[in-house]
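Let me begin by presenting the structure, written as structure tokens, before commenting on it.
The values are calculated or read from the model by the stated rules, or taken from the named source; none is laboratory data. If you're wondering where the values come from, they're calculated on a predicted model, not measured in any experiment. Counting neighbours? That spans all protein chains shown, and the Cβs are built from the backbone with ideal geometry, glycine included.
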Amino acid sequence: MESSSKRRKIGHEGGIRHSGLIDFESRNTARVNAASTFVLQTDELLKEAKPNYEKALHGVDGQLHRLKSIIDSIEPHDPRPISEATIKFEKEHRIVIPFPDPKPAKDAPYKVSYAPPSQCNVVGSYVSRTMIKTQSEFGIDMVVQMPASLFQEKDYTNMRYFYRRAYYISYIAARVRKEFAEDMELSFENLNENPLLPIVVLRPKASSDGSDERETKKKAKKSSYSIKLIPCAPDDLFPWSKVTPKSNNNRLGEVDEKKAAQTATPFYNSTLNAERTFIPYLRLLTHLKKECPAFPDACILGRTWLQQRGFGSAVSQGGFGHFEWAAMIALLLQTGGRNGQAALSTSLSSTELFKAALHFLSTTDLSKKPYTFGSSSVSVDTVREAGPVMFDPVRQLNLLFKMTPWSASLLQTYARSTTDLLADVMADKFDPTFIIKADVPFQTFDVIFEIQSSDVAKFSETADRRGAVTNFCLEAYKHLKRAYGDRAQLVQFQLPQRGHWSLSKPPAKEVLRVLIGVIFDPAHMPRQMEFGPPAEEQKEAAKFRQFWGDKAELRRFKDGSILECVEWSSKLPLQICEEMTHYTLQRHLKISKHQVTTIGGAFSSIISLSHLDKSAFDSARQAFQDFERDIRNLEELPLHIRQLSATSSSARYASIEPPLVGYHKGSIELIDVNLYFEASSKWPENLTAIQEAKVEFLLDIDRRLRKANEKISTYLGRENRELGIENLAFLDIIYENGAAYRLRIHCDLEEKLLERQVKNKTLEPRVREEAEEAFVKLNWLYNTLPLHTQTIATFCTRFPPLSSTIRLVKHWFNCHKLTGHIREELIELFVLHAFLQPYPWKQPSSVVTGLLRTLFFLSKWDWRDEALIVDTGEDLSEDDRSSLHHELQTWRKRDPNMNDKVMCVATSHDQSGLAYTRNGPSKLVASRMTHLAKAACKLVREKGIRLDPSLLFETALQDYDVLFHLSSKAIKSIVRETAVESGGRKQSQFKNLDVLTASVPLPIRAHPTDVFIEELERVYEDTLLFFKGSADDGVVAALWNPRLQKQKFRAGLPYNFHSVKGDGDQVELNRKAVLLEIARAGGEMIKKIEVADEEE
Amino acid sequence: MVPVDAAGDQFAILPIQMPPVPSFHETALHEVRIRRNAPKIPTANDSRSLFLKNIPADSTEPHFRAVFTALVGAGRFETITFEGEDKAAVAIDPARAVKAAALARKRKRSDVEEEEKAEEEAAQLPEIWTRRLYRSSSTAIVLLADEKSVQLVLKAITKLQKTKKYPVWGQHLSGDVPLLGAPWVSSHLRLSRANKAEIQKATHAFFNVFNRKEKEAAEISKRLRNEPDEDGFVTVTRGGKGTPANQFEAEEARRKMIEKAAKKKSEMKDFYRFQLRERRKQEQAELLKRFEEDKKKVNAMREKRGKFKPET
């Protein structure tokens, strides 16, 4: 009975339907499930990216029609011997026929002729409507198919086809130039920078009415398009069997005849092969556009993605552009799956297609194993060649023939990083994928070498006709890759771009100016020794010796093995890499040292980074463990010790100066340590009494410590505050070897009492505020800091470049005087974030990339709307994130001017988003930070490889109202004076017998500059905003509080005022008096006070 | 300038000439506002004291003594109290003492009180600054010899407007003023390195006071437990007949209770079918909500121009 009633209930159709309920059957629901912000964002991008063809390319269709009719009407001429025809033509039309090198011999026996093209067709992204607005230029490809009658059977050999082609295109060019002389500019160009394929490019002339210059400029900018006339071969001109990658078809240009007959010419062959595929691919793409509605959009997405990474069809851009992308997706939609099925379904959406294509690129190693679409009959061996292979068996073409091994691996790197990103639930996916321009050399590569040499002749003599520079690079790539081995993740060559040239001139000579970018493997690059095979393996050993030459030596190692090895004399990763590069290029390619410039080396010299730093940090941590043991071994302490944790930046590999054990300076660097006792009920239930009890504890520990170890000296230090609810004192403990610690005690009851006081509504507001402030401080010092220290230290050991990057970034903040407002721990989080979410790149592998990407992140981060979430423990859920986001929104709603809460920075152990940013930066400082980072990134982008790193660290003093020049002499003497016992021995009359040299310096509470500025900040809280860098920095800058305007006098004004002359009750800030007060307070510590000129 | 009305709430302006300093070669007039002292809670000395606003940050008693001497001659200035100095010493009462003391006020004998005060003073830690900087534009109260001096001072200030012979800051200082600048900072740093014996003594003194007060508080609350007040009610105070409950233990017990409740709740999850259904429904609603949120986010991005434009 019951079951039937249930069924009836379910069967109820057409009943009341709530609009909010989800119906799993409907299409809408499916969308809800699949949809994410990313999809919505890409939809928006697609809408924005498409140009308005009517507007942007107005009148292009007319031009194309006209062009076609002109070309069709060119009258044919009979065959003539090539040399005769060339001379006649060049004389008549003043056009230098762009024959590819080497030029045809004078006595070449074959004849050239002209016949009207069998087809004239527009192909490419103009037809498929897949152009995007941000292209540098809209290119419209028009192919002119040469009739088969022009060619002979053997034309595939010895460049004969290309000579005929060059003649053909020049012949057309002559005629077109005549017709379009008025409104089009004609020039030659190599198709995709392939030296074998000259084409004619038509660009509209800027209308030269001379009416309004600005208008013409605007117009020229708007209609920047070009029409490319591309001659191509008829279908099936040459059988594929003749032009497989293995065959040798060209012997021209090779000096050694014998060698020329043997070596295969894959590039030459593929170029020849590609000539007949324009029309078939056009057919394929048009067909798919009908089959798969999302296909054009997927092409647009791919085009954007490639363009943001600097990829394009041209050889210098990697040889993987829009066409290759489209063809790849098209082939995947048709073949590529199991059992001859399609790999992708045509019903996928554009985003899904895009993701699938990226996945394909990231998982297929194209260089190692040739990839063939479909399980075709073509065996892998027939299509194998040195470079990457993606073979289309139907059209019998290697799609990637223009790619080089390095561009293939770079493409794969980018694809991997993007697939990682798309799989990362936490990261923002859209911006790194499509918006951010990722091809800035310094943000991508750890080091860049520039090779400049005019002598490339020896590389131009191969028959494969890739061009001398490419040949050189292929050679260099082979050697450098072998040399670096596992030290480098990626070696990349940037070829010079080749532009267009005018019809009447021969093309410019190639210059050898190549950039080599290297991405390190940070785990291996610092290795100073290159290990080879053991001596017993003679063959291998001989190879090793052959490669390294004199540098290779045989050594016996501790474990008894005898290995071939090479030792490098440099210490830092970058310098080792430089040394290796110089040596390898010299040995194998005879490129001398002065032809290779290292770019980016200047970064590590900005602060003195050294390979010894890590061990200095390590030994500091080691020393801390000794200290911990000493404390734990103290007997009969009234309470049990739960934990000791260090909280200083030098205990987490993050201080600018590495910790030096011993007395190297006049002062002592102490490591802050928190001591946690087991929970106990013996503490007094009063905050002030707890503080006093803590002092008693410190004194007790002090007594026991000194009893246990006589060589320890201890000092009880006072915090800068009165007796109250906050911590009063700390114990400085100094070991004989110079290791020094500052011990503070944590009491768990204190935390609870404070919390209760904050919540207790019956108390006075002032008391509660005070308690809240104390609570926040306590939480920071005893809860957040130890965890933070632990986290950063762990990550520093996991990512080797993190430590030095943090130090360099801190120096950057110091240079821009932001350190006083932005906690160093917050800076560490910024850097860590750049390492944890490095998209669109891979994780930074050196200091340079780390620094620049951190700055890049800071320039992009919109802290007004976005919370920074550094998920150090990888345990924040989606809900945690969205709740943080909502929290930020409520802050903004409540306080739109951001007077109180400015940045929201959360980590796994602090989800309030405030712990790191409660005491600043203020809105003013935060926007200054963003501005500075933006300026730095702009500089990096604009200067490219010509960047002078010290510019990034230059302080801009002109932006401040007041500059206090501190006297370093006075400050040093304070440090010296306070480092000895007061009233102690007098200064010796001999300078070199100073008291200091004889005794150990005493610890001081803080650096004198910091003490002084701290006081000033307290006194002028509402008047001045101080900006300081490191303690040794000689200049402290300040801004007047911009909110202090003229106002009516009242007794509660918080700043030093004087009455405005002739204006009754009005008062304003008495700036001079304030500065005089500071000058009096500073005394000899201030050398000069400089006031910026006021504009008014 | 406005004519100064010495009487009433009106502030008079006392300009002080600030001499140049080697690091800043300019002079300035610092304006101290001055009026008769009229605090909300009147005290005995109000009639012969002046209220000062906007005093220089580096003020000391000798500084002001010199200024007033320049105005009205020697012998009229008695003393000056700066803002924050008169604040009572921090209450070092144990938690319970405060409450108990509020309930039962008991007059102590004055000599006992005196003794206790001395003890409390001993509990204070030694000073770590040789001289304090006051917050910018802070206040002070000057105590003069008699009411007539107040009149004289105010008159002298009015006269200053005409003669323009302003007193100069830091001139004719009688008595030693601790230096600012480098000696000031270095002495502070030295004083911050405390003398262990002194501190030890201070903490001992502190706990003497503290323990005494705690004992007193305990006594008071014990007494209150037994004594009905005038209406016949007995005040309920913490701590039963046995040992008084410790705050710490109470908290521990509470935590345990909450934990237990949470555990019980989690065990009952997904027990009934309707719970499961409800949870699913909730999840779906959340999904829908998230979708809406995404849409909103993208719309917001669209409003900010350039978000969808790839960088070039």
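Here are a few things to note about the model shown:
- Test result for B:LEU179, under 30 Å from A:SER667 (Cα atoms), at pLDDT below 90, of a type in the set (A, V, I, L, M) and in a helix (DSSP H, G or I): no
- Matching residues in segment A:1013-1030 - criterion: being under 36 Å from the mean Cα position of the chain (by Cα) and either of a type in the set (Phe, Trp, Tyr) or crowded, with 18+ Cβ neighbours inside 10 Å (or both): A:LEU1025, A:PHE1026, A:PHE1027, A:LYS1028, A:GLY1029
Condition check ((1) at pLDDT 85 or above; (2) under 25 Å from A:ILE656 (Cβ atoms)) across all residues:
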position	(1), (2)
A:LEU563	yes, no
A:VAL566	yes, no
A:ILE576	yes, yes
A:LEU589	yes, no
A:SER605	no, yes
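- Listed conditions (1) part of a helix (DSSP H, G or I); (2) within 11 Å of chain A (Cβ to nearest Cβ); (3) in contact (Cβ under 8 Å) with a residue 60 or more places away in the chain are all met by B:ARG190, apart from (3).
- Subset of segment A:334-354 [in a helix (DSSP H, G or I) and in contact with a helix residue (DSSP H, G or I) (Cβ under 6 Å, 6 or more places away or on another chain)]: A:SER350, A:THR351, A:LEU353, A:PHE354
- Of all residues in segment A:50-71, those that are more than 18 Å from A:ALA166 (Cα to Cα) and in a helix (DSSP H, G or I) total 15.
- Scan of segment A:742-775 for residues that are more than 25 Å from A:HIS640 (Cα to Cα), in contact with a Gly (Cβ under 9 Å, 6 or more places away or on another chain) and not acidic (Asp, Glu), ordered by number: A:ALA774
- Search result, residues across segment A:34-47 that are facing chain B (nearest Cβ under 7 Å) and either farther than 16 Å from B:GLU311 by Cα or modelled with pLDDT under 85 (or both): A:ALA35, A:SER36, A:THR37, A:LEU40
- Sole residue being away from chain A (no Cβ under 14 Å), outside any strand (DSSP E or B) and of a type in the set (A, V, I, L, M, F, W, C), chosen from B:ALA38, B:ALA70: B:ALA70
- Looking at segment A:73-176, the strands (runs of 3 or more DSSP E) lying wholly inside it that each contain 2 or more residues that are over 46 Å from the mean Cα position of the chain (by Cα) sit at A:77-81, A:111-114.
- Taken residue by residue, segment A:846-866 has no member that is at pLDDT 90 or above and in contact with a Gly (Cβ under 7 Å, 6 or more places away or on another chain).
- Filter result for A:PHE442 (in a helix (DSSP H, G or I), within 23 Å of A:LEU306 (Cβ to Cβ) and within 14 Å of chain B (Cβ to nearest Cβ)): no
- Segment A:904-928, subset modelled with pLDDT of 90 or more and of a type in the set (Lys, Arg), residue nearest to A:THR597 (Cα to Cα): A:ARG928
- There is at least one residue in segment A:659-673 that is at positive phi, assigned by TED's automatic domain parsing to the domain that holds A:THR784 and either among the polar types (S, T, N, Q) or modelled with pLDDT under 90 (or both).
A quick yes/no check of all residues on (1) modelled with pLDDT of 90 or more; (2) in contact with a Lys or Arg (Cβ under 8 Å, 6 or more places away or on another chain); (3) assigned to a helix (DSSP H, G or I):
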position	(1), (2), (3)
A:THR930	yes, no, yes
A:ALA935	yes, no, yes
A:GLY944	no, no, yes
A:ARG976	no, no, yes
A:SER988	no, no, no
A:PRO1003	no, yes, no
A:ILE1013	yes, yes, yes
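- Every listed requirement among (1) out of contact with any Leu (no Cβ under 7 Å at 6 or more places or on another chain); (2) farther than 18 Å from B:LEU180 by Cβ is met by B:SER59 save one, (2).
- Of the helices (runs of 4 or more DSSP H) lying entirely inside segment A:769-885, those containing at least 2 residues that are without any contact (Cβ under 8 Å) to a residue 60 or more places away in the chain and surrounded by 18 or more Cβ atoms within 10 Å (Cβ to Cβ) span A:800-815, A:824-836, A:847-860.
- Residue match in segment A:1063-1078 (condition: surrounded by fewer than 21 Cβ atoms within 10 Å (Cβ to Cβ), more than 9 Å from chain B (Cβ to nearest Cβ) and not in a strand (DSSP E or B)): yes
- Any chance A:GLU710 is among the acidic types (Asp, Glu), touching a residue at least 40 places away in the same chain (Cβ under 8 Å), more than 8 Å from every other protein chain (Cβ to nearest Cβ) and surrounded by fewer than 21 Cβ atoms within 10 Å (Cβ to Cβ): no
- Any hit, segment A:669-678, residues being more than 13 Å from chain B (Cβ to nearest Cβ) and not in a strand (DSSP E or B): yes
- Number of the exception - B:ASN45 against (1) within 14 Å of chain A (Cβ to nearest Cβ); (2) within 28 Å of the chain's Cα centre (by Cα); (3) at pLDDT below 85: (1)
- Filtered residues of segment B:162-187 (kept if within 13 Å of chain A (Cβ to nearest Cβ), out of contact with any His (no Cβ under 9 Å at 6 or more places or on another chain) and either of a type in the set (Asp, Glu) or surrounded by 15 or more Cβ atoms within 10 Å (Cβ to Cβ) (or both)): B:TYR166, B:VAL168, B:LEU180, B:GLY181, B:ALA182, B:PRO183, B:TRP184, B:VAL185, B:SER186, B:SER187
- Exclusive hit being in contact with a helix residue (DSSP H, G or I) (Cβ under 9 Å, 6 or more places away or on another chain) and either more than 9 Å from every other protein chain (Cβ to nearest Cβ) or surrounded by 22 or more Cβ atoms within 10 Å (Cβ to Cβ) (or both), set A:ASP1010, A:ASP1033: A:ASP1033
- Scan of segment A:292-330 for residues that are of a type in the set (Ser, Thr, Tyr), under 22 Å from B:PHE308 (Cα atoms) and surrounded by fewer than 22 Cβ atoms within 10 Å (Cβ to Cβ), ordered by number: none
- Residue in segment B:209-217 that is in a helix (DSSP H, G or I), away from chain A (no Cβ under 13 Å) and in contact with a Phe, Trp or Tyr (Cβ under 8 Å, 6 or more places away or on another chain) present: no
- Leading residue by the ranking (farthest from the other protein chains (Cβ to nearest Cβ)) among those in segment A:1050-1062 that are assigned to a strand (DSSP E or B) and within 54 Å of the chain's Cα centre (by Cα): A:PHE1057
- Residue, nearest to A:VAL440 (Cα to Cα), within segment A:510-535, restricted to residues that are of a type in the set (D, E, K, R) and at pLDDT below 85: A:ARG513
- Conditions (1) assigned to a helix (DSSP H, G or I); (2) more than 14 Å from every other protein chain (Cβ to nearest Cβ); number of the one not met by B:ALA122: (2)
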